[in-house]
């Protein structure tokens, strides 16, 4: 079961806060995070890794990224 | 697939911090004021003075470092396909935050960058400033945890993201057309300081090149002095903090080598020792930076990437500097200005109101 976090248009630290909230909610073991800057992509990936999650996939669509993170 | 961004790694951010620390200290050697190799707040204030937005005679100079920061970030953003023109995340609020961030910084006499450089130069008053900065950012993180959010930005025209970079090009053109004339306080439309910190500067080309290099590297590494503290307080993440510490260490070692390290609390360059107001001024600045999502340097780099909201914050800072000097809010080596204390209190109230009232559900 995967959930989605839409952090497009938001600047740091919002995308990270939203991702961590979803991780802490503990309802899912896979999260798709949508962001639209390279910085947010890096920050979300770094935060997920620090929580023991792994970055499964990063797909790029124009100016947007979908980061799929999975509980490790 | 893009090349991996080496500057976003741990050693990348440390390397960038070291680079900034060394070259900031060297800029002082080359002529910039004491412990002010790079100070974003002071330099934007000098730009406001050079344009005549305030008429404090000792702080007037179009600082090429600021121009370099924005244009260096712009070049990096284009080279690495990260230019993202965007705006519309509560710009008027960001303008006000920028203005009060500047007012707070000028009560302390420096932004977080200069607080680090002052510490690296032995100025003990910087400790109070840095503690105030940490306290202000900590208050900001409480708001962030409660859902404080200025809302989403929208993608805009590429040219809209060029506005602040073009203003910087315009400033550079003005300096070239109206260069400093020895013994004169005005050249064409620009004001120049005859004495004081505004009269102290490294050669234009040196300042510009160092500024461009820092802008380029900071865009790649996302270097941010506020984020350094915020991420540690909020997530216990040390990534950006390592860069900030590297800056202090590198500037300290460089200062030792070139004989610029003078420990003490009194007689420090462009500083005063009113501890409470050094602390409170930086609390205000730290809170405003935290609410706006970036230190003054980061706001310049984001502007170079096409972030119009960050550009509005920068303009807010420049206007804030004008108010600071016109209204007697800015400190001097003698101590706080006649209305500095009132301004800090009003600024804190305004920032707290912004923090309390601007909450938004993240999916709204």
- Item | Criterion violated by residue B:206 - all others in (1) at pLDDT 95 or above; (2) surrounded by fewer than 22 Cβ atoms within 10 Å (Cβ to Cβ); (3) within 14 Å of chain A (Cβ to nearest Cβ) satisfied | (3)
- Going through the range A:36-54 one residue at a time, which ones are away from every other protein chain (no Cβ under 11 Å) and crowded, with 22+ Cβ neighbours inside 10 Å? A:44, A:48
- Query: Scanning the range B:209-220 for residues that are within 12 Å of chain A (Cβ to nearest Cβ) and within 15 Å of the chain's Cα centre (by Cα), which turns out surrounded by the fewest Cβ atoms within 10 Å (Cβ to Cβ)?
  - Reply: B:218
- Give the number of residues within the range A:2-37 that are farther than 20 Å from residue B:94 by Cβ and free of Cβ contacts under 8 Å to residues at least 12 places away in the same chain. 4
- Query: Applying the selection to the range B:6-20, what residues are within 11 Å of chain A (Cβ to nearest Cβ) and surrounded by fewer than 17 Cβ atoms within 10 Å (Cβ to Cβ)?
  - Reply: B:9, B:10
- Query: Hey, residue A:29 hits all of (1) over 19 Å from residue B:224 (Cβ atoms); (2) within 9 Å of another protein chain (Cβ to nearest Cβ); (3) out of contact with any helix residue (DSSP H, G or I) (no Cβ under 7 Å at 6 or more places or on another chain) but one; which does it fall short on?
  - Reply: (2)
- Item | Residue list for the range B:124-137, filter: more than 14 Å from every other protein chain (Cβ to nearest Cβ) and either in contact with a helix residue (DSSP H, G or I) (Cβ under 7 Å, 6 or more places away or on another chain) or part of a helix (DSSP H, G or I) (or both) | B:125, B:126, B:127, B:128, B:129, B:130, B:131, B:132, B:133, B:134, B:135, B:136
- Query: Are there any pairs, at least 6 apart or on different chains, whose C-beta atoms fall under 7 Å, with the first in the range B:291-311 and facing chain A (nearest Cβ under 9 Å) and the second surrounded by fewer than 24 Cβ atoms within 10 Å (Cβ to Cβ) and in a helix (DSSP H, G or I), and if so, which?
  - Reply: B:309/B:91
- Confirm whether residue B:193 is outside any helix (DSSP H, G or I) and either more than 14 Å from chain A (Cβ to nearest Cβ) or more than 25 Å from residue B:295 (Cβ to Cβ) (or both). yes
- Is it true that some residue in the range B:59-79 is surrounded by fewer than 20 Cβ atoms within 10 Å (Cβ to Cβ) and assigned to a loop (DSSP other than H, G, I, E, B)? no
- Task: Kindly indicate whether any position in the range B:266-275 is away from chain A (no Cβ under 14 Å) and assigned to a helix (DSSP H, G or I).
- Result: yes
- Item | Unique residue being within 14 Å of chain A (Cβ to nearest Cβ), at positive phi and in contact with a strand residue (DSSP E or B) (Cβ under 9 Å, 6 or more places away or on another chain) when the list is B:52, B:88 | B:88
- Filter the strands (runs of 3 or more DSSP E) completely within chain A down to those with at least 2 residues that are out of contact with any strand residue (DSSP E or B) (no Cβ under 7 Å at 6 or more places or on another chain). A:53-61
- Item | Residue check, residue B:223 more than 28 Å from residue B:345 (Cα to Cα) and within 14 Å of chain A (Cβ to nearest Cβ) | yes
- For the range B:152-168, how many residues are crowded, with 17+ Cβ neighbours inside 10 Å and within 14 Å of chain A (Cβ to nearest Cβ)? 4
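The values are calculated or read from the model by the stated rules, or taken from the named source; none is laboratory data. Every value quoted in this text rests on a predicted model; they were computed, and no experiment measured them. Note: ideal-geometry Cβ built from the backbone for every residue, glycine included; neighbour counts use all protein chains shown.
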